[in-house]
Amino acid sequence: MLIKVLKEMANNELHSHTELARKLGLDPELVKQMFLNLETMGYIVSDDPSCVDDQCEECGVCCTKKNKAEQENVSAVATRWKLTEKGKEAVLKSV
Amino acid sequence: MAKELTLALVGNPNCGKTSLFNVLTGSRQHVGNWPGVTVERKEGFVKYEDKDLRIIDLPGTYSFSASSEDEIIAVQYILRDKPDVVINVIDSGNIERNLYLTVQLLEMNTKVVLALNMIDEAEKKQIFIDQRKLAELLGVPVVATVATKNTGIREMLAKAVSLEHSAEPSFKLDYGQPVNDVLREIAAALENLGIANEKTSHLLAVKLLEDDNYVKEFVRLDKHDLLKQTVQAGKEKIRSVTGFDPEIHMAGKRYEYINYLIKECVRKGTAQGEDLTEKIDKIVTNKYLGIPLFFLIMFLLYMITMSFGNDFLGSYVELAFAALGEYVAGLLVNAPELVRSFFVDALIGGVGSVLVFVPLMFTMYFLISFLEDSGYMARAAYVMDRLMNAVGLHGKTAVAMIISSGCNVAGIMSTRTLDTKKDRMIGILISPFISCSARLPVYALFAAAFFGNKKVGILPASGLVFFSLYLLGIFVAIVAGKVLSKTVFKQEKSYFVMELPPYRFPTLKSLLIHMWEKTEAFVKKAGTIILAIVVFLWILSILPLGVTPGSQESLLGKIGSLIAPLFAPAGFGNWESAVALIVGVGAKEAIVAAFGLVYGTGEEMLTGVLVQYFTPLSAYAFMVMTLLYSPCAATFGIIKKETNSLKWALFSVAYSFAIGWSLAVLVYQVGRLFGL
């Protein structure tokens, strides 16, 4: 099931959690949790990690990502993801 | 003596576990650290009937994958210290996201009570959980609780205590073949080596297949070659049959099971707000209507910002500063000309040139905040992303570009809605290419002088000239954005998955707060830089002392004469044009006033004068230069503030000047080739 999420990400460039969930017949909240898991397992990374490390303190921009990351787990609000090498391999194997 | 039972609280962060712990233990708790780490350990006591219950609050964790200190502590405690019962606290409003931990917990074959906490919040969100069915499918007691209201706590304790003498559960998730066979082989190997018994071997086998570092150490895998080979062989077998690592395959199976549990046990009613959201989104995110609707909304935002914020409110600020200037000029009527000019022209004029933007900022941020807080901006990014992504840009960059057509400063400030540093930087660096309203007086002047009465077919030539400049600005912005995304901000392709929140009507209070926060920053920081630049230019225009202000003999004029040859290939290599462009660095609309100053005529007579110094081709080239060259002082100040870097602000000046000059030269030289 997680592979299906990775494949959908790789096939299409634009998703909302709701749209992905509808395509896969899942609950949108479950899809969000899957993203957390895929990140923990090293198949995806959020696109701009520098926005949530210590550099935020020096950054003059009060961005939405910085504000939200301070309130919740960042993976839940990141809007861009990258497949890692591990993720790319998994997608290739699934073809 | 009353028997003591140990209950461990386990759950995701923010599930209400701490509230539950506090309600259970009250003041009978103490806080320390888990051995060897800085993670807080909370332990407390509660009496239930004749039982003393020791409550251990384990760190909040999303899973038992042993990838963080918190997860290792939780796994270690359950495996090693073996609490009598584990209370799995669940945030009922987010049950889908909490059940992953639950499934892993059940695989540990420990006695579990499920506490569906915050059940009141879930019901408000129209989430209804069939507790009886969930208990039946999971094989564990399920109790609804509201820890903050002390509801369901006694029932939860009753269930926990009732498990004291019950057999330990034996939960085995079906991972499919060959995983089930591999797990049996590894479990058998663990039991043969005496490392585990039939109650713990399955869990350890699962963890070894998932490459769990804590468990590998726990069983001392490196010391047992046969076990190590069995695990390795098992992994290879799974990879060759399924094509994937055991870890992702097994996690996928857990999600299949969780999905089944949700379908069987969780009902979500459609809240009225969500229903309306879906109806609106059918139009707003429609494949054909989404983009035109976006442009319509942005057009309205722009019109309101410019007409109300700039023309209406801004005019009062201008009047106020003009009145202030007259008043101060009156006060200083007997002061030396230089002193009067400094206070009236440089300080008041300079400060006014900053503060005149404030009403525009207020209006724009009020409207942007409304679009953000209402949930529309997420849709805007969603519909524009496909279009912008085709040129390597983020969807929300389109919003910044459109707002820049009113004011580049405002457009750059609006890039704060962009989520990543890369997208924000690109948005900031391309916004100055968009033709802003400050450039309009320059276009109007030249268009009137050279294209006023001409037509192309039935269309007025001056209108086409205006439109061509807007299009050119957009084209250059997109190309620059594409180049930047492939070079300076090169990144691999990334995938856009986002949240579309339900629509809601924002509160006036939050709108005003957001509006003030963003505008305040502009006034404080940008004003210092803009003021400094304007004062500096004024000084150049009056030195050496005694010269006619703004003449060729002034320092400003001499600098203009020095750099004028640079613009000869573009058709306007005269010192007056160079001075105007230098003054335009302070503020683009000041270019017109600068021409008036250097040609010694009022703005209304300028059209007649300009035809003596420009041709239609060189006039168009000058307009291209005005469109694209270095950003104005206000924009420079904002770029420096928003990027937190003087380097990027200077880069913006240099690269936009290079692009402006190159295109102006190209326009002029190609035009000449065609005999224009």
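Counting residues that are at pLDDT 85 or above, buried (at least 16 other Cβ atoms within 10 Å of the Cβ) and not aliphatic (A, V, I, L, M), which helices (runs of 4 or more DSSP H) fully inside the stretch B:1-111 reach at least 3? Let's see the steps before the verdict.
Values: elements: B:17-25, B:69-76, B:95-107.
By residue number, B:17-25, B:95-107.
Those residues that are polar (S, T, N, Q), touching a residue at least 24 places away in the same chain (Cβ under 8 Å) and more than 22 Å from B:T635 (Cβ to Cβ), I need them from the stretch B:553-596; list them, please. Write out each step before concluding.
In the first step, residues of the stretch B:553-596 are kept if they are polar (S, T, N, Q); the result is B:554, B:561, B:574, B:577.
Filter again for touching a residue at least 24 places away in the same chain (Cβ under 8 Å), leaving B:574, B:577.
Correct list: B:N574 only.
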Condition met for B:I478 (buried (at least 18 other Cβ atoms within 10 Å of the Cβ), outside the structural domain of B:T643 (by TED's automatic domain parsing), part of a helix (DSSP H, G or I) and at pLDDT 75 or above): yes
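For the stretch B:139-190, which residues satisfy the criterion of being of a type in the set (V, I, T) and part of a loop (DSSP other than H, G, I, E, B)? First the steps, then the outcome.
To start, the set of residues in the stretch B:139-190 that are of a type in the set (V, I, T) comprises B:140, B:142-143, B:145-146, B:148, B:151, B:153, B:161, B:179, B:182, B:186.
B:V140, B:T145, listed by residue number.
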Residue list for the stretch B:157-200, filter: under 24 Å from B:V113 (Cβ atoms) and hydrophobic (A, V, I, L, M, F, W, C): B:L157, B:A158, B:A160, B:V161, B:L163, B:A167, B:F171, B:L173
Given (1) under 43 Å from the mean Cα position of the chain (by Cα); (2) free of Cβ contacts under 8 Å to residues at least 12 places away in the same chain, index of the condition B:Y100 fails: (2)
Residue under evaluation B:V611, criteria (1) in contact with a Leu (Cβ under 8 Å, 6 or more places away or on another chain); (2) in contact (Cβ under 8 Å) with a residue 60 or more places away in the chain, criterion not met: (1)
Candidates B:F64, B:F45 - the one that is without any contact (Cβ under 8 Å) to a residue 24 or more places away in the chain and of a type outside the set (D, E, K, R): B:F45
Residue among B:R239, B:R340 that is more than 30 Å from the chain's Cα centre (by Cα) and away from chain A (no Cβ under 11 Å): B:R340
Residue check, B:I659 under 17 Å from B:C436 (Cβ atoms) and assigned to a helix (DSSP H, G or I): yes
Contacts under 6 angstrom Cβ, first residue in the stretch B:246-257 being facing chain A (nearest Cβ under 8 Å), partner hydrophobic (A, V, I, L, M, F, W, C) and part of a helix (DSSP H, G or I), 6 or more apart: B:I248/A:L2; B:A251/A:L2; B:G252/A:L2
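The values are calculated or read from the model by the stated rules, or taken from the named source; none is laboratory data. Note that the structure is a prediction, hence the values are computed from the model and not measured. No Cβ is skipped: glycine too gets one built from the backbone with ideal geometry, and neighbour counts run over all protein chains shown.
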